[in-house]
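K.L.:
For reference, the structure I am asking about is given below.
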Amino acid sequence: RSKGSPRTCVLVVSGSFSHSLKFTSFTISEPSQGLPHFVMLVDVDDHVLLHYDRETGKMQPRVSWIEKLKEDDPEFWDKVFKEAHEDTSNHNPSFLSDLHVVQVILSCDLQGDGSKRGFVQVAYNGESMTPPSTMDKSEMEECIALLEKFLSYGNETLLRTDPPVVTVTRRVEAEDEKETHICRVHGFYPRVVNASWTRDGEVWLQDTLHGSVAPNADATYHYWLSIQIDPKERGRYKCHVEHDGLQEPLDVALKDEGQQGEKGWVLWQAGGFAIRTDGRGGGGGDGGGRGQPGSPFASSPNRAES
């Protein structure tokens, strides 16, 4: 591998989801502070596992099961720790002449269909220095072995699947009497989700908005998408959701009297009050439930690509 570069890789274990291992380094030079400050983060599927800081000279665990790995396989731990130290020692003296930031990310993917892709990215003061370069086969194999070790020890967290809860609410636009329907997909893991509006069974992008997949405090994710329609055509539209936690794709119809959601949620149109129909309680506001995001209209979302 190239000197001073961190490692990253991904491996598919089950379903259509790709598991990723990523090493991201930041080297910050400040002449008055002597040698550059170096920080490295190690994460699997956006879960930060390790943090290395040159000032402490230690690889600090961020999850409890890492301690078990360290105890069971000290040679493996020493190897990871040594590589972090090697990265800190590779710096260009000319780099110290001014305040600069260099970020290095090595990334490789093994998709659900077995295909692989990998590349290295280097940014200098926030701008890409060179086009992404690819990883060679030996680097890929080494990355996969490293990822498998992490997945083995962190399987309860990293290999779990939490199905999404899907709810749909409605509001009427006073000026043109059109309806805006908001589909919220929340409480799911892993992060990858496919959600879209359909009309007569076909994907529909016109007059739609969507947010970004965002994390919840409980290590799950949430997402939302909205559509504006003519009330007379309400029966033609559905919110379509695909996720590894679902046994089959979910289609939530837009109903007249109430909005039906997965897992027994019904959101009544009057005030958006949520009632559980499975006997497990309920909540008010925007639908309750684990990881329920706030209203998408609290900020200006990006319009979906057409």
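K.L.:
If we keep just the residues of segment 200-231 that are in a loop (DSSP other than H, G, I, E, B) and among the β-branched types (Val, Ile, Thr), which is nearest to residue 245 (Cα to Cα)? I'd like the intermediate steps shown before the answer.
P.N.:
Filtering segment 200-231 for residues in a loop (DSSP other than H, G, I, E, B) gives 200-201, 204-207, 211-213, 216-220, 230.
Remaining after also requiring among the β-branched types (Val, Ile, Thr): 213, 220.
Working: 213: 16, 220: 12 Å.
Per the stated criteria, the residue is 220.
K.L.:
Turning to a different aspect of this structure: Are there any pairs with C-beta distances below 7 angstrom linking a residue in segment 57-74 that is surrounded by 13 or more Cβ atoms within 10 Å (Cβ to Cβ) and outside any helix (DSSP H, G or I) to a residue that is modelled with pLDDT under 90 and among the small types (Gly, Ala, Ser), with the two at least 6 apart or on different chains, and if so which?
P.N.:
Once the first residue is surrounded by 13 or more Cβ atoms within 10 Å (Cβ to Cβ) and outside any helix (DSSP H, G or I) and sits in segment 57-74, its partners that are modelled with pLDDT under 90 and among the small types (Gly, Ala, Ser) give 59/84.
K.L.:
For segment 250-259, name all the residues that are surrounded by fewer than 19 Cβ atoms within 10 Å (Cβ to Cβ), out of contact with any Phe, Trp or Tyr (no Cβ under 9 Å at 6 or more places or on another chain) and either modelled with pLDDT of 95 or more or within 14 Å of residue 200 (Cβ to Cβ) (or both). I'd like the intermediate steps shown before the answer.
P.N.:
If we filter segment 250-259 for residues that are surrounded by fewer than 19 Cβ atoms within 10 Å (Cβ to Cβ), which is where we start, we get 251, 253, 255-258.
Now restrict to residues that are out of contact with any Phe, Trp or Tyr (no Cβ under 9 Å at 6 or more places or on another chain): 251, 255-256.
Hit for segment 250-259 is 251, nothing else.
K.L.:
So, in segment 61-75, how many residues would count as being under 27 Å from the mean Cα position of the chain (by Cα) and not aliphatic (A, V, I, L, M)?
P.N.:
In the first step, residues of segment 61-75 are kept if they are under 27 Å from the mean Cα position of the chain (by Cα); the result is 61-70.
Narrowing the set further to residues that are not aliphatic (A, V, I, L, M) leaves 61-62, 64-65, 67-68, 70.
Adding up the residues that qualify gives 7.
K.L.:
How about segment 161-191: which of its residues are touching a Gly at 6+ places or on another chain (Cβ under 9 Å) and over 17 Å from residue 253 (Cβ atoms)?
P.N.:
Those that are touching a Gly at 6+ places or on another chain (Cβ under 9 Å) and over 17 Å from residue 253 (Cβ atoms): 161, 162, 163, 171, 186, 187, 188, 189, 190.
The values are calculated or read from the model by the stated rules, or taken from the named source; none is laboratory data. As the structure is a prediction and not an experimental result, all values here were calculated from the model. Note that we place each Cβ from the backbone using ideal geometry, even for glycine, and neighbour counts take in every protein chain shown.
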